[in-house]
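Engineer: This is the structure I want to talk about, given as structure tokens.
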Amino acid sequence: MFSFTSIKNYQQFLTENPNGCVVAVKEYLKKIDQQQHLNAFLEVFETDALQQAILLDEKRKQGKPLGKLHGVIVAIKDVLCYKGHKVSAASKILENYKAVYNATAIEKLLNEDAIIIGRNNCDEFAMGSSNENSAYGVVKNALNETLVPGGSSGGSAVAVQAGLCMVSLGSDTGGSVRQPADFCGIIGLKPTYGRISRYGLIAYASSFDQIGIFANNIEDAALVLEVIAGADEFDSTISHQPINEYSNLNTSSNKKYKIAYFKEMLEHPALDIEIKNSIQQYIQQLKNIGHEIEALDFDLLKYIVPTYYVLTTAEASSNLSRFDGIKYGYHSTPPTNSLTDLYKNTRSKGFGKEVQRRIMLGTFVLSAGYYDAYFTKAQQVRNILYTKTKEIFKTVDAIIAPTVPATAFPIGSASNNPVEMFLADIYTVYANLVGIPGISIPLFKHSNGMPFGLQVMTNHFNELTLLALSKNMMELK
Ligand code: GLN
């Protein structure tokens, strides 16, 4: 029987098993089938995955050079374009739409011999924190099926959590990789804005969106990052900074870090008391082994969720205007007499409630009379946050925080209260507003039986420190 622990061990298994990729793909297809009720996959690319596995097994038999992700079985969030395959952003408006090109991240995965096994359910257009906004049904948390898996990349998180793939890709605009990772007890990494090309990632809020990685261990996340990061002529916001060898982590436990946390984050009334206590005890533990911990003031905390929602909805209202019933996917029938009616009907029927709410909110904050009051002000807050963050990282290596104020909540319990749902993002949107990398690592377990994570953030393009420190922390636990 095949069982997965890490990419390294799996690739060792492949050297001893000539048909190892096919064996592994079949095993995953079986598991996906057994766990269909979790609703983590919108589509399984069974034929393609098996075909790719056969080709890769053949490649090894012929002694050809192998890619870094040789045989690794990856699931992708339904917002990433994989040529010739459907991609719907979990929306009715893109139902049956097929990608006409590969996202750069997908192209890079395939170039390094990965196998893409299917596309994962998510909140529609990546808008949500619970995966309840998908047009194709909720995803269940595999640890307790009455609870949400988090969102918006809930399907990708559950795919890793339930062992339905080895690693998966999600997208993180305000926490959509770190938050479901926290709820599911796995690792969720959001790199620096501009580290991974956004080409072929369906846009939600372009100055925030970043592809992220779910994995069971730090080494796997690091290796996938190494493969998919880097310059790309198709993304004008990509960074040209060289890619570090992330998979070659210096994790000497002798290295002592200077770590900060924000007092207001730990003192926030919405923070579950057990999560607070665990993190406080953990901070003490870090001090005991010689790390330097500094408590900082962060009086901007109350502004970050409103700032995030003003700016992201504004960008979304512009990005989503391309879905008009003519260029892509769904268009309403019967045909109407006027073009405006066609737009209206298509967009009213094609988009779900949350997406409509955000388009309207975004259009409002950009409208002539309100632009300065909301949009300009939010940009100003974003600038202040950025300056403050650069100042902090002059003297510290990392910032730690809770990932989410509470553990996974029951399906249906928060879906009628958007403001409460928005507050779930209070600890994650900061990294997106300023563009720094962040990770959620599964260090804790609540007395209610559910896991929760610690969030670690570092300076722009310092994924090496982020990953090395996270690995040390996971070993400490
Ligand atoms: N929960 C946040 C939102 O609904 C984050 C979404 C995301 O990161 N894609 O906007």
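The values are calculated or read from the model by the stated rules, or taken from the named source; none is laboratory data. Source: prediction; values computed, not measured. Using ideal geometry, Cβ is built from the backbone for each residue, glycine included, and neighbour counts are taken over all protein chains shown. For accessibility, only protein heavy atoms count, side chains too; no ligands or nucleic acids. Shrake-Rupley method; radii C 1.70, N 1.55, O 1.52, S 1.80 Å.
Engineer: Got a sec to turn the phi values of region 251-260 into Karplus ³J(HN,Hα) couplings, 6.51 cos²θ - 1.76 cosθ + 1.60 with θ = phi - 60°, whole Hz, x for Gly and Pro?
Structural biologist: So the J values, rounded to whole Hz, are 10, 4, 6, 6, 5, 9, 10, 9, 10, 10.
Engineer: Taking all protein chains as present, what is the carbon and sulfur share of the accessible area of the chain, in % to the nearest whole number, probe 1.4 Å? Don't skip to the answer; put the middle values down first.
Structural biologist: Working: 9570 of 18670 Å².
Here it works out to 51 percent.
Engineer: So what's region 260-393 giving for Cα Rg divided by 2.2 N^0.38 Å, two decimals? Walk me through the numbers before you get to the answer.
Structural biologist: On the way: Rg = 22.0 Å, N = 134, 2.2 N^0.38 = 14.1 Å.
Dividing the Cα Rg of region 260-393 by 2.2 N^0.38 Å gives 1.56.
Engineer: Using each residue's phi in region 381-397, evaluate 6.51 cos²θ - 1.76 cosθ + 1.60 at θ = phi - 60° and report the 3J(HN,Hα) Karplus result to the nearest Hz, with x for Gly and Pro.
Structural biologist: Karplus values, whole Hz, x for Gly and Pro: 4, 4, 5, 4, 4, 4, 4, 4, 5, 4, 4, 4, 6, 5, 10, 10, 8.
Engineer: Can you tell me the relative contact order of region 233-319? Whole percent, Cα pairs under 8 Å, sequence separation 6 or more.
Structural biologist: RCO, region 233-319: 36 percent.
Engineer: Hey, another quick one. Applying a 10 Å radius around every beta-carbon, put 232-245, 132-145 in order of their mean neighbour count, most first.
Structural biologist: 132-145, 232-245
Engineer: When the distances between all Cα atoms of the chain are binned every 20 Å from zero, what whole-number percent does each bin get?
Structural biologist: 25, 59, 16, 0
Engineer: If you average 1/r over all unlike Cα pairs in region 12-126 and invert the result, what Kirkwood radius do you get in angstrom? Intermediate results must be reported in sequence, preceding the final value.
Structural biologist: Details: mean 1/r = 0.0677 Å⁻¹.
It is 14.8 Å.
Engineer: Going by the alpha-carbon gyration tensor, a ≥ b ≥ c the square roots of its eigenvalues, is region 356-468 rounded (a/c under 1.5) or, if a/c is not under 1.5, prolate (a/b greater than b/c) versus oblate?
Structural biologist: oblate
Engineer: Report, in deg cm²/dmol and to the nearest 500, the calculated mean residue ellipticity at 222 nm for the chain, where each DSSP H run with n ≥ 4 adds -39500 (n - 2.57) and the sum is divided by the residue count.
Structural biologist: Numbers: 16 runs with 183 residues, N = 477.
Computed mean residue ellipticity for the chain: -11500 deg cm²/dmol.
Engineer: Considering only protein heavy atoms, what per residue accessible area in square angstrom results for the chain with a 1.4 angstrom probe?
Structural biologist: Computed with neighbouring chains in place, this is 39 Å² per residue.
Engineer: Continuing with this model, one more query. Round to a whole angstrom and tell me the spacing of the C-alpha centers of region 271-303 and region 440-477.
Structural biologist: 13
Engineer: Using only alpha carbon pairs under 8 Å that are at least six residues apart, calculate the relative contact order of region 330-477 and give it in whole percent.
Structural biologist: It rounds to 19 percent for region 330-477.
Engineer: Sorting check: for 207-219, 368-380, 63-75, which peptide has the highest mean count of neighbouring beta carbons within 10 Å, and how do the rest follow?
Structural biologist: Ranked by mean Cβ neighbours within 10 Å, highest first: 207-219, 63-75, 368-380.
Engineer: Under the definition of Cα pairs under 8 Å and six or more residues apart, what whole-number percent is the relative contact order of the chain?
Structural biologist: 17
Engineer: Report, in listed order, any pair from LYS276/LYS445; LYS190/LYS276; LYS31/LYS77; LYS86/LYS353; LYS256/LYS287 with a Cα-Cα distance greater than 21 Å.
Structural biologist: Working: LYS276/LYS445 12 Å; LYS190/LYS276 23 Å; LYS31/LYS77 18 Å; LYS86/LYS353 23 Å; LYS256/LYS287 10 Å.
Check vs 21 Å cut-off fails for LYS190/LYS276; LYS86/LYS353.
Engineer: Quick one: grab the alpha carbon gyration tensor of region 227-317, order the square roots of its eigenvalues as a ≥ b ≥ c, and give me rounded if a/c is under 1.5, else prolate or oblate depending on whether a/b is larger than b/c. Spell out each step's value before the answer.
Structural biologist: Values: a/c = 2.84, a/b = 1.15, b/c = 2.46.
Here region 227-317 falls in the oblate category.
Engineer: Specify the inter-centroid distance of region 48-75 and region 351-419, based on alpha-carbon positions, in whole Å.
Structural biologist: Taking the Cα centre of region 351-419 as reference, the centre of region 48-75 is 41 Å away.
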